[in-house]
Amino acid sequence: MTRTLLFACDLSAENRSAFGRAIRLANEMGARLDVLHVLDPYLPHRVLRDLEGAVVDDIHAIATDLREDYALAEPPLLVQTVTGAPYAEIIREAHDRNAEMIILGTHRKRGHPDLIGGTTLARVLLSAPCPVLTVSQPPAEPWNDILVPVDFSLTCRRTLRETLRHFPESRLELLHAWDVPGERELGSDTEFALWRDREVIRLRQQLEQEIDHLMAEFDRVPELELVLEQGEPLDVLIAHLRRQPPDLLALGNRSQAGRRSQITKRLLAEPRCDIMLCRAW
């Protein structure tokens, strides 16, 4: 069965990096790359007919330029246009094509978390049947270092499985944010500090057992490192991204209809790397 990646192309400058990454991933995965452009359904039929041909030609020309710029091979490529609401058509096509991934460019509302909700990216995330990649960095190199926040919830387990399945050659850094009750009140107490340190050691052992159990499902296991940092999950993750941005952040998407995860909103508003978001189950 042919593996399929779905790239939603809007012909914008922000879209070029995502298009180049989509080409690179299709080659690395041995997949077909389906490129989709959504046209305004309210345009006159004659305009739509002429515009469709021009859009397809432009997409092929951009693909050629990107392959030359980044020395990429040409993957199996299918370019199509549809009419409708962009987010709805992207989701529909992902279902119809049984896409392994949806690849999107970054949005234009950086620094404004409250405006993320109306973007095509945010709407696709709520209903996508597969992982969604939002790409902001040039595709000059393969993704070598991938950061995966872990708490071993159902969402986290699925995200880690998707990461291992799609990127078995990359190095994984598994980040766990921890805290213990009483830290604020008793943090300076020697006995408390000893108890806390023992609890952290026990936590690491439990996490390592969970990781070993998950790794047993896969034939190839990448190099990985488990990192424990104290603090609230969002604060720990943002600080880690500022200190040492990975090539890719793989994150479970806990957003639900009508409301979006604060972590997701914050990361999409200020992307410091490419991001893969996976649905909860």
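The values are calculated or read from the model by the stated rules, or taken from the named source; none is laboratory data. Predicted model, so just to flag it, every value in this text is computed and none were measured. Cβ placement follows ideal geometry from the backbone for every residue including glycine, while neighbour counts extend to all protein chains displayed. Accessible surface is based on the protein model in full, side chains and every heavy atom, while ligands, DNA and RNA are left aside. Shrake-Rupley method; radii C 1.70, N 1.55, O 1.52, S 1.80 Å.
Things worth noting here:
- Within the stretch 203-217, the residues that satisfy the criterion of being within 20 Å of Pro246 (Cβ to Cβ) and either within 22 Å of the chain's Cα centre (by Cα) or among the basic types (Lys, Arg) (or both) are Ile211, Leu214, Met215.
- Condition check for Gly53: of a type in the set (Gly, Ala, Ser), without any contact (Cβ under 8 Å) to a residue 60 or more places away in the chain and out of contact with any Asp or Glu (no Cβ under 7 Å at 6 or more places or on another chain): yes
- Residue match in the stretch 41-63 (condition: within 22 Å of the chain's Cα centre (by Cα) and of a type in the set (Phe, Trp, Tyr)): no
- Of all residues in the stretch 42-55, those being of a type in the set (Val, Ile, Thr) and either surrounded by 13 or more Cβ atoms within 10 Å (Cβ to Cβ) or within 25 Å of Leu121 (Cβ to Cβ) (or both) number 1.
- Any chance Glu74 is open to solvent by 60 Å² or more (accessible area, probe 1.4 Å), assigned to a loop (DSSP other than H, G, I, E, B) and among the charged types (D, E, K, R): yes
- Scan of the stretch 222-247 for residues that are small (Gly, Ala, Ser) and open to solvent by 40 Å² or more (accessible area, probe 1.4 Å), ordered by number: Ala239
- Of all residues in the stretch 147-195, those being touching a Phe, Trp or Tyr at 6+ places or on another chain (Cβ under 8 Å) and at pLDDT 85 or above number 8.
One line per residue, one yes/no per condition, for (1) open to solvent by less than 60 Å² (accessible area, probe 1.4 Å); (2) within 27 Å of Leu248 (Cα to Cα):
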{"residue": "Thr4", "(1), (2)": "yes, yes"}
{"residue": "Arg16", "(1), (2)": "no, yes"}
{"residue": "Ala22", "(1), (2)": "yes, yes"}
{"residue": "Ala31", "(1), (2)": "yes, yes"}
{"residue": "Asp34", "(1), (2)": "yes, yes"}
{"residue": "Asp40", "(1), (2)": "no, no"}
{"residue": "Asp57", "(1), (2)": "no, no"}
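- Count of residues meeting criterion [modelled with pLDDT under 75 and of a type outside the set (A, V, I, L, M, F, W, C)] in the stretch 236-269: 10
- Selection from the stretch 186-214 of residues that are within 27 Å of Phe167 (Cβ to Cβ) and either touching a Pro at 6+ places or on another chain (Cβ under 9 Å) or of a type in the set (S, T, N, Q) (or both): Gln205, Gln206, Gln209
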